[in-house]
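Scroll down for the structure; my scribbles are underneath it.
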């Protein structure tokens, strides 16, 4: 039987993943660059690793809801891209990526100077990849968790029209 | 026992709701007008009823993902506002509205000339209101269902700083 | 442009579906009969149509949570089967069915004498089918909506080991 | 600005929580003991900590779906209780606990000899607590992640009828 210590159970199911496409980073960066909504919203790529992608944006009043916080849909836009590209980083070269569904939990108002988003693969698969993501608001030295996401991402094979 | 016919079971749980705030429509319109992200994304209010809010946007390349479709996060932004304002329309005058969480299912690519979003209250409550929403892409005479959402919306009472 | 009336927008995206397997009903009934958890929980099949499956159970103290209501996980068990079999009813003969993910909203306590569950296909697909489900508690003449679900269901092809 | 290293971003947002009720463990154990469905399904409490609850069950054919795996609804029943009691452990003495909604991702078939479930608080709150949970199947020396959940849990105050 498995011996589960506090640390053990607490541990997030993070893993080291072996990318099937050695050029996964440039593939992700190229596709991300084609998402016009990213530059429109001022969302940048912070880092690309096999199974994990981090994004960043700074506060802009143009993307706020009625109380002056960043709209939950904008936070979701960044989290979805972080999760989808985390999944895409583990897909083979000929696969296109599509989001099946996601759930966002709004833990705290998205109030801050800068926002960080991290998407991670929980379970890769030939067709479906399960991911989770977290968003933090930062206001200088510390950061606050403002949202979490779980997203199901799909690989489409043999669709050259949707390649990137 | 309940006699459930085909029509019966198929029927969506839509209801006629009695608004607690007679000025619910102007309240919703005013708050919607404060969401800067709505004008940034070109999302307009189509209709406001007690427990149901409809929005509309036209395609804009600035909000697309890598395949040229509207990004799922943008669709979600509109659906979240439609659901939250559907809930807000049934809240008393002194309540502020906040989204707790939502799930979006991406049924088809958001590809079209115009997009329609409808948020409906499934179950209103003092603190929590459950809603569902649907998004359609339209390309002229017919429309295609492209996304669905279920969202939990919260009423905050006695928070004058968050009133609208 | 689409002319959306109140009725129009309110309308649930229900459709008439053409089953790919003419024997879909017996296929669903046979697979349902293999789910031992259904007889353990006393959940019965009420009706099977192309794209829609209804289930029923009566209250049993053995399946309650701490307040004496049916546990949300039991409601979910019925809703998941209703949604998965609604999807399965539209799949070709050689496909096996698997649930990818679901979200359940607990609208009201599952308190009653009898419970009804309905799963409906929102969007069928070759690999993924999107569904929604509703659960009602009934206490004699009227019924109360107690839960809703959205579920993503997957078709597995060429897996004879998982056929039913 | 926040300096985010690999370790940093990867880190799950786990925290040390200060319970408001010093007797939280006995409160959780007492309420869990009242959930008749837990003994019906053979689900046991493994450990109770402030903000984290672990459960365990062994495989039983009575709770299987058509392929012989534990039904996703049964896994969800355990995950929901783990998440709800993780939240309950941080609530004040006079609060009752209720699940608002949850989403379950079915990462792999629930196939094994023994199953472990862990629910953790992601963000506690006066009214709403956000949680996440994970389920593993174990077959001897190693374990496989089979499901993940995110759940929103509500505290009800002043409802002596729903206390436990």
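Each value in this text was obtained by applying a stated rule to the coordinates, not by laboratory testing. Note that the structure is predicted; figures quoted are calculated from it, not measured. Glycine gets a Cβ as well: all are built from the backbone with ideal geometry, and neighbour counts include every protein chain shown.
Over region D:13-162, what is the relative contact order in whole percent, taking alpha-carbon pairs under 8 Å and six or more residues apart? Please report the intermediate quantities before stating the final value.
Values: 351 pairs, mean separation 36.9, N = 150.
This gives 25 percent for region D:13-162.
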inquiry  = For the protein assembly as shown, take the convex hull of the Cα atoms, compute a quarter of its surface area, and give me that in nm², please.
reply    = 26.3 nm²
query = With each pseudo-label sitting 7 Å past Cα toward Cβ, what's the residue B:26-residue D:94 distance in nm, one decimal?
reply = 4.0 nm
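Write down the Kirkwood hydrodynamic radius of region B:82-164, to one decimal in angstroms, obtained as one divided by the mean of 1/r over all alpha carbon pairs. Walk me through the numbers before you get to the answer.
On the way: mean 1/r = 0.0736 Å⁻¹.
About 13.6 Å for region B:82-164.
Per residue of A:151-160, count partner chain C-beta atoms within 10 Å of its C-beta, then hand back the mean as an integer. Kindly include the intermediate steps, with their values, before the conclusion.
Numbers: counts 5, 9, 0, 5, 0, 1, 0, 0, 1, 0.
Mean shielding count: 2.
Largest first and in whole Å, what are the equivalent-ellipsoid semi-axes of region C:21-164 based on the Cα gyration tensor, each being the root of 5 times an eigenvalue?
Working: eigenvalues 141, 42, 35 Å².
Over the Cα atoms of region C:21-164, the semi-axes work out to 27, 15, 13 Å.
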remark   = Note to self: C-alpha centroids of region B:82-107 and region A:100-159 sit apart, in Å, by 21 Å
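Antiparallel as a % of all DSSP beta bridges within the protein assembly as shown, to the nearest 5?
On the way: 187 of 187 bridges.
Counting DSSP beta bridges with both partners in the protein assembly as shown, the antiparallel share is about 100 percent.
Peptide A:109-115: average number of partner chain Cβ atoms within 10 Å per residue? Can you show the working numbers first?
Details: counts 2, 0, 0, 0, 1, 2, 0.
That average works out to 1.
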ask   = What FRET efficiency do you get for residue D:161 and residue C:60 if R0 is 30 Å and r is their Cβ-Cβ distance, rounded to the nearest 0.05?
value = 0.90
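Shielding by partners for A:75-83, please: the mean number of other protein chain Cβ atoms within 10 Å of each residue's Cβ.
Numbers: counts 3, 10, 9, 1, 1, 7, 5, 0, 0.
Other-chain Cβ atoms within 10 Å of each residue's Cβ, averaged: 4.
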ask   = From the label point of residue B:111, set 7 Å from Cα along Cα→Cβ, how far away are the matching label points in the other copies, in nm, ordered shortest to longest?
value = 3.6, 4.2, 5.0
